[in-house]
Structure formats: C-alpha cells, structure tokens
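J.: Encoded as structure tokens, here's the structure I'll be asking about.
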Amino acid sequence: MNPSLINVFLGTDTPKNFIFTRIFTAFMDIDCIPFRNTGYFSDLICDYLDERETLKPFYNRFPRLENFEAQICEKSDHFPETHRNILYDALLQQYQGVELSKKVKTYMAMLKEPNTFTVVTGHQLNLFTGPLYFLYKIISTINLTVELKKAYPKYNFVPVYWMATEDHDFEEINYFNFKGKKLQWNRKAAGAVGHLKTDGLDEVLEIFSDSLGSSKNADTLKTLFKDAYLSHDTLTHATRFLANELFKEHGLVIVDGDDKSLKKLLIPYIKKDIFENVAFEKVSSTATELEELPDNYSIQVNPRQINYFYLKDGLRERIVGIDEKYAVIDSKIAWTQKELEKEIEEYPERFSPNVIARPLYQEVILPNLCYIGGGGELAYWLELKASFKAMDVPFPMLLLRNSALVMSKKQGEKLQKLDISDVDLFLKQNQLVNKKIREISNIDIDFAPQKKVLEEQFKALYEIAEQTDKTFLGAVKAQEVKQKKAWTVLRNVC
C-alpha cells in the first residue's frame, strides 16, 4: 500500500458502525455504509457496535474516546512498572539487525514511562501480508493512537503489531493472491510457523516477478519481497522486516511473544490455566450465557481444560491431563504435576498459549488499552472477560478494524451508469439480480401485510407467555427473531 493511501485511511471521522466502501484512486470520492448492511458481519458484532444492552456484561468499556480515561486509570493500577523494563529489553533484543526509524526508537523508549500505553492489533505471519485486512488492522491501530494523543496529550500512545509467530497452521499463511493467481510457498512444515526457514521463497519471487511486469512500482515490490524473504532466515524475521518497512515512519512497534523473558511474566497464569482450569471454567460459563441469550448468537471458540501447547524442536502440540499426569499429545512427553511445575519455571518459552490464552498473555506484558481486530476476533474476545477478571488482569477495550473497498474512478463511473449503489455491491448475486428485475418490472411485490400478520401472531404469543410461565418469554423472543430473519431472506429472494 502506498503512503498516500495509508494517509487516507488515517482519517478519523468515520462513525464506529460504518465501513469504508468506496475510495476512488484519485481520493475525490469516499462513501460509507453501515457494517450491518454489508452482510459480512455476524449479528453478534453488529449488536456489539449498536451497544445492545444484553451484550454489555461481556465487555469492559465501549471504545469511545471519552471512555479511555477510565481505561488508562485501570491499566495504570494493574500494570507493574517492572514489566515495562522487561518489555523494552525484549524489544531491543528482537529488533537486533533491523533498521529503526527515529519514531520507532522514540516509541520503544516511551514504553518504559508510566504515562505510555499501547493500542494493539495482531495477525498471522501471512506471506507478503496475505489478505489486505492485514494492512487495515495496522492502519486502524495507528489511527487510534493519533486520536488518543489529541484527546489525552499528557499521555503517550504506541501502536503495536503482535506477530502470531507461534501459530502452526501453515496452510493458512503460505500464499497470497495477485491478479487472480494464488502464489503459494510449497514446503513441508511443522511446529510454530515463525521458526520456519525461508528456503524456497526464491521460487515464489520468480513467479511473482513475472506477474508484476517491469514498472517502477513493480520493481519496488520485487525489492521489498526479496529484502524481506531472501535476506532473512526465518519467517518471523522476514515478517518483522516487512511490517517495519511498511509502517516504521508511523512508529509501529512489532512484538514477538515467542520470547523467554516475556514468557516468564506469564508463569503464574500458565499455572492457573493448567492446574486450576480457570480459563476453561470461566470461558465455558460465558459461552453458555451467550448461547442462552434470545438472539441465537454463535460461539466463536470453545475453551479446552488446558489452553497451552508445548513448543519445542519443531513440535507444537496440546498439553492434556491424563490420569493425574500431564502429557503432550502425539508425543512421549509426560510429567507429574511437580515435574510440570518445574518445567514451567525453568522453560516458560516452551509453553505456547492457544486462542483463549494468547489475549491474556498480550495484556499481561503490554500496557495496553485497546485491541483492534476483525469480526471473528472480537467475537471470541467477547467470551473472555470473566476469565480476565478471575486472573486479575484488566480487560481491554475492543474496536472493530476499518474495512474498505478500493475501486478506480473508471469502475465507479461504470457502476453509476448501471445504477448500482455501494450497498448493492454487498448483495449476493441472486439478490442483486432480483433487485434489478424488480426495479424494471411492473409487478409490485409488497410483503408488508405478511409481516404485519407475523407481528400480530407473536404479540398474541407474548400475552399467553405473560399469563402462564414468564420463562417462556425467552423462547418466544428467540422464535420471533428466527422467523423475522427467515421473512427477510424470503423478501430479498423475491
């Protein structure tokens, strides 16, 4: 993404529940539509953005600028000053051999100060950034720190990208799409992806170069890929270089949680998870509460009794409890509780948090105020508040990243000629076809009378429920929501 486009995204006057949908390359025309109207976000996330009352117990504070002062106070009271120096020293070690901008150096030094806080986003180590929302998440993070500094000038705010170096799903990150082609890194992989050597990426560069052509911008991209992946030995080092090159002038600080000094801070929480099953009990309870709401929300993730993997020598497998012992699945590694406690104390870097435990780790080692993520990420974060409380760690504010559809001026003009709006672009193909047919048809299709009958039927059911068993009200409400959704589907099809 070029700097001019990054600067456009750093604009901050977009409402919280709206999505960028059209940005012409000339940057003369910007339009927004509600997230709910895109069809890409779950009811849970849309209701969260609307601050629905039933969801308020599942988060701490809604991410309005005026709410950050209380979040700052809470984090200040619960974040040990010793953690700041440990974090700074770890970052110095991680950044060895990386060219730092003046702003990154300044921000890293600021992290030692008690008036400095972070805003964090995290993402997998996708090859050459992978999906475009990798960039959107980081830009949204930078954007918020700029706004916070304006609102609270006596504090400092540092944008942080958390690299998911310990993930082991190689198939999710070993490719990127370009001009309709899937450019894939083919190799055998096991264990944490951050440990993978970058062997074989010269072949990807060759194919990529052929597709790019020979323009000035093409040469820039080729050089960026080469410098990132052919000049660094592991995927972690390559991704850090790439993200730093793209965002160092904006002060982005990149954190790798796969670090012994940082994992030492996690030791008490690893023990609570493994030996007391705190996260399992609290997150399971929260998931049940969400499922019992009359809104038919789907659960994003389910906790395990132990939410840690064992990470060593190309291995990253789950730790499980078996017959009063603990073992690593698909291996011969096993411990008694006393032996495992010793292993945790001596080798904390070998204990890798899963999707339930990683957010807690992040909040333990960072003076963080807010996490910025996609809809799926925020959905599982909404399951974690009770677990954080049990661990006595402040729960961060949660902000949905910006999303955008970038089109050329020519594309925009063509849509105008076809009388296709920005909202229309998010319809399913059959819905768009049916909508255009209705616009040119003489048939007046109106489902209003059917909807009125449906509402009257449920009104009668509510009256019956009130006279019998009030617990029946929840079931009636759930059916009403379900039937109205079905009615909406039928209306859109016709």
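None of the figures in this text is laboratory data; all of them are computed from the coordinates on show. All of these numbers come straight from a predicted model, not from anything done at the bench. Note that we place each Cβ from the backbone using ideal geometry, even for glycine, and neighbour counts take in every protein chain shown.
J.: Answer rounded, prolate or oblate for region 161-308, using the Cα gyration tensor with square roots of eigenvalues a ≥ b ≥ c: rounded when a/c is under 1.5, else prolate when a/b is larger than b/c, else oblate.
T.: Note, shape of region 161-308 comes out prolate.
J.: Also, I was wondering about something else. List the GluC sites (Glu not before Pro) within region 23-105 that DSSP assigns to loop and that have no more than 11 neighbouring Cβ atoms inside 10 Å.
T.: Here the sparse-neighbourhood loop sites are GLU99.
J.: Could you sort out which of LYS338/LYS389; LYS102/LYS137; LYS137/LYS414; LYS179/LYS248; LYS428/LYS485; LYS272/LYS338 sit more than 18 Å apart by Cα distance in this structure?
T.: Long pairs (Cα-Cα over 18 Å): LYS338/LYS389; LYS102/LYS137; LYS137/LYS414; LYS179/LYS248.
J.: So, counting K/R as plus one and D/E as minus one, what does the shell of residues with Cβ under 13 Å around GLU81 add up to?
T.: Once all neighbours under 13 Å are counted, the net charge is +1.
J.: Which longest run of the chain has no exposed loop site in it, a site being trypsin sites (Lys or Arg not before Pro) in a DSSP loop with at most 11 other beta carbons within 10 Å, and the site itself not part of the run?
T.: Counting at most 11 other Cβ atoms within 10 Å as exposed, the longest clean stretch of the chain is 189-331.
J.: Counting other beta carbons within 10 Å of each residue's own, what order do LEU400, LEU432 fall into, fewest first?
T.: Least to most surrounded, the residues fall as LEU432, LEU400.
J.: Arrange HIS168, HIS123 by Cβ neighbour counts within 10 Å, fewest through most, would you?
T.: So the residues, fewest neighbours to most, are HIS168, HIS123.
J.: Of the options SER298, SER42, GLN457, report the single residue whose Cα projects farthest towards the positive end of the charge dipole of the chain (beta-carbon charges: Lys, Arg +1; Asp, Glu -1).
T.: SER42
J.: Turning to a different aspect of this structure: How many angstrom lie between the Cα centre of region 186-222 and the Cα centre of region 101-142?
T.: Each part's Cα centre sits 23 Å from the other's.
J.: Classify the chain as rounded, prolate or oblate, taking a ≥ b ≥ c as the square roots of the eigenvalues of its Cα gyration tensor: rounded when a/c is under 1.5, otherwise prolate if a/b is larger than b/c and oblate if not.
T.: Verdict is oblate for the chain.
J.: Tell me the mean residue ellipticity at 222 nm calculated for the chain from its helices only (DSSP H runs of n ≥ 4, each -39500 (n - 2.57), averaged over every residue, nearest 500).
T.: For the chain, the value works out to -14000 deg cm²/dmol.
J.: Another question, then. Please list the radius of gyration and Dmax for region 106-223, considering alpha-carbon atoms only, with Å as the unit.
T.: Just the Cα atoms of region 106-223 yield Rg and Dmax of 18.0, 51 Å.
J.: Over what distance in Å are the Cα centres of region 382-451 and region 298-368 separated?
T.: Centre-to-centre (Cα) distance: 39 Å.
J.: I've got another one for you. Apply the membrane-span-like helix rule to the chain: whole DSSP H runs, Cα extent along the own long axis of at least 24 Å, mean Kyte-Doolittle hydropathy at least -1.0. List the helices found.
T.: What comes out of the filter, once short or polar helices are dropped, is 133-151, 448-467, 472-493.
J.: Can you tell me the dipole magnitude for the chain around its Cα centre, using point charges on the Cβ only (Lys, Arg +1; Asp, Glu -1), in Debye to the nearest 20?
T.: Here the chain has a charge dipole of around 1060 debye.
J.: Identify the GluC sites (Glu not before Pro) of region 252-355 meeting these criteria: DSSP loop state and at most 16 other C-beta atoms within 10 Å of the C-beta.
T.: Sparse-neighbourhood loop GluC sites (Glu not before Pro): GLU324.
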